[in-house]
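Have a look at the structure below before the remarks.
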Amino acid sequence: MLRSLGLTLLAALSLAGSAWSRDSSQTALPASALFERETVTGEWLGARPLLEDRGVSLFGSYTCEVWGNTTGGLKTRSVYTGLLEFGAEVDLEKLAGWSGGSVGTSWLWLSGRDASEDLVGNFLTISNIAGFNTLRMMELWFQQNFLEDKISLRLGNITADSEFLVSDYGGLFINAEFGWPALASMNMPGGGAAYPTGGLGARVALEPTDWLGFRSGVFLTNLIPQNINRAGFRWDLNSKQAVTWMNELCFSHGTAEGSQTLPGFVKAGMWLQTGAEANALDPESGLPNTGFYLLADQMLLPERGADGSISDEGLGAFAGLGFTPPGRNVVDFYLNTGVTYKGLIPGRDADTCGVACGLASPSHGADAYLRDEGLAPQAAEIVLEATYQCVIAPWCFVQPDIQYVINPGATSATGNALVLGARFSVVF
């Protein structure tokens, strides 16, 4: 059952071991030009830097995963998940003299299966790249900056999870709960304007100082499901269309160059939904909905340079919590927290490891639904994750990962699941 998973893990460890040998051996030869590149395809015979000088930046990456459920959940099997992501950003000032203007687009080619849907039956999604198999435009936007980039306005098909509810340290982890949490994905129609589908909207960002920032975005609420909006160009623009209005205030510290204050931030946010589908438990009620959250990232124990400066290596921590009205939402409370360490092993300064815990509590309305279905509700669904991201080259990493899911689906219908996996990613 787990043969393919075992082979993938073995290959991952072999790659990690070879990279370890290159970095840690005192007698090792200098790294080849290939392993010094920022991308595996290099500079395209000079074309890439020429385009970037003209303001055109092209990007692409491929990420693949193998997951195996060893016990509990729905079934003990393995699945493959893949994502090809590519796109472009254009600086209109460099290209055409349009001061402060830029455009961008990102596309996804999703493949494989969803480990949560096929193996575990949980809603704290095992993989944050899983989605309906298709080639899709996710973002297509225009942005205008003002006052030396202290104000920016972005319009188009955009995603909320790229700029709201974002934790830097939490980004290491593969479970989606440490990115766009179930508090949003389970309560917003269609999961909200978030990966792998964006939504028509507008976002304004204000950064008057290096320690204070504010973002506000308005997104169309009634998103067309992934399996129908396959290419990403279908929008529900009828007269009953509603919006989700998100707002986030960020207080940063230790960000100034040369600062001896340990870096970190605190974010406070809220959203308001309107329209017939805003109430996740009773879409026909027409009642609006809302949610509130707090996020914090903090460097705890940094490694310092020879001059005493604070580097990005060391021990960091993150935490997030949020709540929504229990009578209108499937999940009314979430909490996640974790720690990461970059450069823990001598000679492996770019590697990062971490452990994290996420919890999502179903509301009393969701409990009532489970009872009607003959299922016994639990207090919450919980996921524990341990991971190690081994950087093979600036353009490549392999990441073994372990997740333990408690109360999958927030019921006792399935047993707790232990899921083993590995992620491999290459940047083009």
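The values are calculated or read from the model by the stated rules, or taken from the named source; none is laboratory data. In this text, all values refer to a predicted model and were calculated from it rather than measured experimentally. Don't worry about glycine lacking a Cβ; one is built from the backbone with ideal geometry, like all the others, and counts go over all protein chains shown. Please note that ligands, DNA and RNA were not included when accessible areas were found on the heavy atoms of the full protein model with its side chains. Shrake-Rupley method; radii C 1.70, N 1.55, O 1.52, S 1.80 Å.
Quick one: the Cα spread of the stretch 117-274 along its three principal axes, in angstroms, biggest first?
Here the Cα extents, ordered largest to smallest, are 50, 39, 28 Å.
Based on the alpha carbon coordinates of the stretch 310-398, what radius of gyration and maximum Cα-Cα distance (Dmax) apply, in Å?
18.8, 56
For the chain, which whole-number percentage of the solvent-accessible area (1.4 Å probe, protein heavy atoms only) is attributable to carbon and sulfur atoms?
So the carbon and sulfur contribution to the accessible surface is 62 percent.
In units of 2.2 N^0.38 Å, what is the alpha-carbon radius of gyration of the stretch 276-428?
Expressed relative to 2.2 N^0.38 Å, the Cα Rg reads 1.36.
How long is the gain from residue 311 to residue 230 if the chain were fully straight, where each residue apart is worth 0.36 nm and the alpha carbon distance is subtracted?
24.9 nm
Which of the lysines could a cross-linker bridge to residue 267, judged by Cα under 25 Å and excluding same-chain residues fewer than eight apart?
Correct list for residue 267: 150, 342.
Principal axes first, then extents: for the Cα atoms of the stretch 37-126, list largest minus smallest coordinate on each axis, whole Å, largest first.
58, 28, 16
Using Cα springs under 10 Å in a Gaussian network model of the chain, which residue among 211, 107, 141 shows the largest mean-square fluctuation?
Comparing 211, 107, 141 in a Gaussian network model of the chain, the most mobile one is 211.
In Å³ and rounded to a whole number, note down the convex hull volume per residue for the Cα atoms of the stretch 288-344.
Per-residue hull volume (Cα only) is 81 Å³.
Averaged per residue, what accessible area in Å² does the stretch 317-428 show with a 1.4 Å probe, protein chains only?
With the other protein chains kept in place, the stretch 317-428 gives 38 Å² per residue.
Add +1 for every Lys or Arg and -1 for every Asp or Glu among the other residues with Cβ under 11 Å from the Cβ of residue 104, and state the total.
-2
Using a Gaussian network for the chain with springs between C-alpha atoms less than 10 Å apart, which of these wobbles most: 164, 318, 251?
251
7 Å from Cα along Cα→Cβ at both residue 146 and residue 238: what's the point-to-point distance in nm?
Modelled inter-label distance: 3.6 nm.
If you take the Cα atoms of the stretch 258-364, find Rg, then find the Kirkwood Rh from the mean of 1/r over all pairs, what is Rg/Rh?
Rg divided by Rh gives 1.19.
If the chain between residue 86 and residue 70 were fully stretched, how many nm would it gain, using 0.36 nm times the residue separation less the Cα-Cα distance?
Between residue 86 and residue 70, full extension yields an extra 2.4 nm.
So for the stretch 189-288, Kirkwood radius off the Cα pairs, Stokes-Einstein at 20 °C and 1.002 mPa s: how many µm² s⁻¹?
Reported coefficient: 137 µm²/s.
Please build a GNM for the chain, connecting alpha carbons under 10 Å apart, and tell me which residue among 360, 176, 376 fluctuates the most.
Among 360, 176, 376, the largest mean-square fluctuation in the Gaussian network model of the chain belongs to 376.
If eta is 1.002 mPa s and T is 20 °C, what Stokes-Einstein diffusion coefficient results for the stretch 87-171, Kirkwood Rh from Cα pairs, in µm²/s?
It diffuses with D of about 138 µm²/s by this estimate.
Compute for the chain: radius of gyration divided by Kirkwood radius, i.e. Rg/Rh, restricted to C-alpha atoms, rounded to two decimals.
My calculation puts Rg/Rh at 0.96.
For the chain, what is the mean residue ellipticity at 222 nm derived from helices alone (per DSSP H run of n ≥ 4: -39500 (n - 2.57); sum divided by total residues; nearest 500 deg cm²/dmol)?
When only DSSP H runs of four or more count, the value is -3500 deg cm²/dmol.
In whole percent, what relative contact order does the chain give with Cα contacts below 8 Å and a gap of six or more residues?
That works out to 16 percent.
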